[in-house]
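What follows is a set of notes on a single structure, which appears directly below.
Readers should treat all values here as calculations from the given coordinates under stated rules, not as data from a laboratory. The structure presented is a predicted model; accordingly, all values stated were derived computationally and were not measured. Cβ coordinates were reconstructed from backbone atoms using ideal geometry, including for glycine residues, and neighbour counts include every protein chain displayed.
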Amino acid sequence: MQTNTGKAIIASFNIITLLAEISINTMNNRRNFIKKTLLIGAGLSLSPIPTMASNLDEKNIVKAPLFTPDLAQLRKLATVIVGELPQGLNIIRIADTTRPASVVVKGGDPKRKIKLERTAYQLEYTNGTIMLDSGMDEATHLHFGKGGNFYPDSYATLQQALKKANMIVLSHYHGDHVAGVVRSPYFDEIAHKVWTSTKTAELMINRPHKPTLKIAADKVNQFMISDFDTYQPIAPGIVAINTPGHSADSKMFYIRLQSGQEFIHSVDTGWAMENITRNSMKNASWIKEDEKQIMAQFAWLNRLMATEKDLIVLCAHDSGQYINLRKQGILGDIV
């Protein structure tokens, strides 16, 4: 399948054009590699975009001896793209579901219930926004099983946020993260603003996560598609981290605000913070994860929480965190 050479997104951040040549020496991989990115306004244009293969599946997870991202490098990369850092981080809940603790956390009490939120995040800049994941529509929500709530008004708000965003970043191909784009009534308006990895693009085309998410290759080819092994700066204040384990294409994100507040958005590494803090895998029969990778990611996140007291680890589905961080004003409502 032939791919485009990439597209720049709406240039409302007024960031100067920059050619960044980055050489990263990671702790677990001493090879240097060069990233060449052409930055125009707020847009990331990659040329050429690699041709997508058709044989990627959940078994093709990149193996690493240890998961040891270098926080110092992430901090540097967060400012390699010239421009103001985001002034706020916002969140919206589109749906929720309640499951036994024994399903969410291995060894959990089957009589205890854990509520899980279906969320999307928004980086708010002075002159624009970036969405982190896109939530899901009601039809896709219903494919996640019985029970739970879907919030149509929140979904309508989310769609407007996607429509006006400067960029939409997809963390991985699962339905509750990509359906807001795939099923959007504004798909033709927003597709060119979607950033994701080659692995995510391949899985969306070849192995849609839910029956509602079938999408043609020519539509996915409108996205900005990036190949990277370890880290990829996306925009001022946000760096993608390659974290296969939950799925073959999973990513975390390092985020830094103007205030200096730092976050690691762990996305679905754990469904709840309890997975991370207890070093306990999910226990759902339908989830197939790389346990060694996930446990290494848990270890890294726990080290960060122990040594970086001001850094906040986010978990996309944790209900208590969703409530508490909004109450504290650390997370705002999407605009």
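Couple of notes before you dig in:
- Estimated FRET transfer efficiency (Ala217, Lys288; beta-carbon r; R0 25 Å; 0.05): 0.50
- Built amide H within the under 5 Å cut-off of Tyr125, gap 5+: Gln87, Ile130
- Under 5 Å between amide hydrogens, built in the peptide plane, is the criterion, and for Val169 it picks out Met131, Leu132, Asp133, Trp195 among residues at least 5 positions away or on other chains.
- The string of couplings for region 162-173 from the Karplus curve (6.51, -1.76, 1.60, θ = phi - 60°) is 5, 5, 9, 5, 7, 8, 10, 9, 9, 7, 6, 7 Hz, one whole number per residue in order, with x for Gly and Pro.
- For the pair Thr307 and Glu138 in one chain, pulling the backbone fully straight at 0.36 nm per residue adds 56.8 nm over the alpha carbon distance.
- 3J(HN,Hα) along region 100-106, derived from phi through the Karplus expression 6.51 cos²θ - 1.76 cosθ + 1.60 where θ = phi - 60°, amounts to x, 4, 5, 8, 6, 10, 4 Hz, with x in place of Gly and Pro.
- For region 70-333, a crude dipole built from +1 on the beta carbon of Lys and Arg and -1 on the beta carbon of Asp and Glu, taken about the Cα centre, is about 660 debye to the nearest 20.
- Region 63-129 and region 206-274: distance between their alpha carbon centers, rounded to Å: 10 Å
- Per-residue 3J(HN,Hα) values for region 291-306, derived from phi via the Karplus relation 6.51 cos²θ - 1.76 cosθ + 1.60 with θ = phi - 60°, read 5, 4, 5, 5, 5, 5, 5, 4, 4, 5, 5, 5, 4, 4, 5, 7 Hz in sequence order (x marks Gly and Pro).
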